[in-house]
Amino acid sequence: MPTINYSLFIPIFLLSVVNLSAQNTSIGLKAGFLQSSISNFGNEEAKTGFRVGAMLTYSINKDFGLGAEANFARKGGVDNADRSINLDYLEIPLFAQYFFGSGSFRPKVMLGPYYALLLQAQREGQELTSYEDQDYGLLLGLGFHKSLGGGKWLYVDGRYSFGIANIVANTERTLSDFSLNAGISFPLGNY
């Protein structure tokens, strides 16, 4: 499997932020709860986890924007013996956002891909080595932005993420989750 040099993403991301800062761009922090499950895996019972991270929103016009996030997410599942599997990921979702209406309350729909790097896989405190170190898939969601004044926005969404990659070597097991997230964003420029 080819090795990806993830350190190249940091300068590209920083240059993008600098270039966008003169536009309608905001950054912020977010957190949420999720329910995840692994397909074709035991009883497929949902596991409760969480997601925390940072977000960047770039508004192309009043109706359309692009979003990017860097999140830590605890996902996983429950196996046939009712043992909990914890999968910790660094997630990078990129998505398009369509906003409805104008004013201080902006409902939205969102759609886009995500990439996730596995940081740790454990079952009852023991490391698991059969899990692939990468996951990717698609997300779709509904939410809203509510103006708090001064270019600050409250950000709330519900999203469904479904994996395309097999997360366990030599199997057809994928990871999916439903999450509720909230955060606050601050303007970088042009608001």
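The values are calculated or read from the model by the stated rules, or taken from the named source; none is laboratory data. This structure is a prediction, so every number in the text was calculated from the model and none was measured. For neighbour counting, all protein chains shown are included, and Cβ atoms are generated from backbone atoms with ideal geometry for every residue, glycine included. Surface accessibility is based on the protein's heavy atoms, side chains included, excluding ligands, DNA and RNA. Shrake-Rupley method; radii C 1.70, N 1.55, O 1.52, S 1.80 Å.
Restricting the first residue to the stretch 71-87 and requiring it to be at pLDDT 85 or above, which pairs with a second residue that is assigned to a loop (DSSP other than H, G, I, E, B) and crowded, with 22+ Cβ neighbours inside 10 Å meet a Cβ separation below 9 Å and a spacing of at least six or different chains?
Qualifying pairs under 9 Å: L87/I167.
Residue check, F178 against (1) open to solvent by 40 Å² or more (accessible area, probe 1.4 Å); (2) over 20 Å from A68 (Cα atoms), all met but one. Which one?
Result: F178 passes all but (2).
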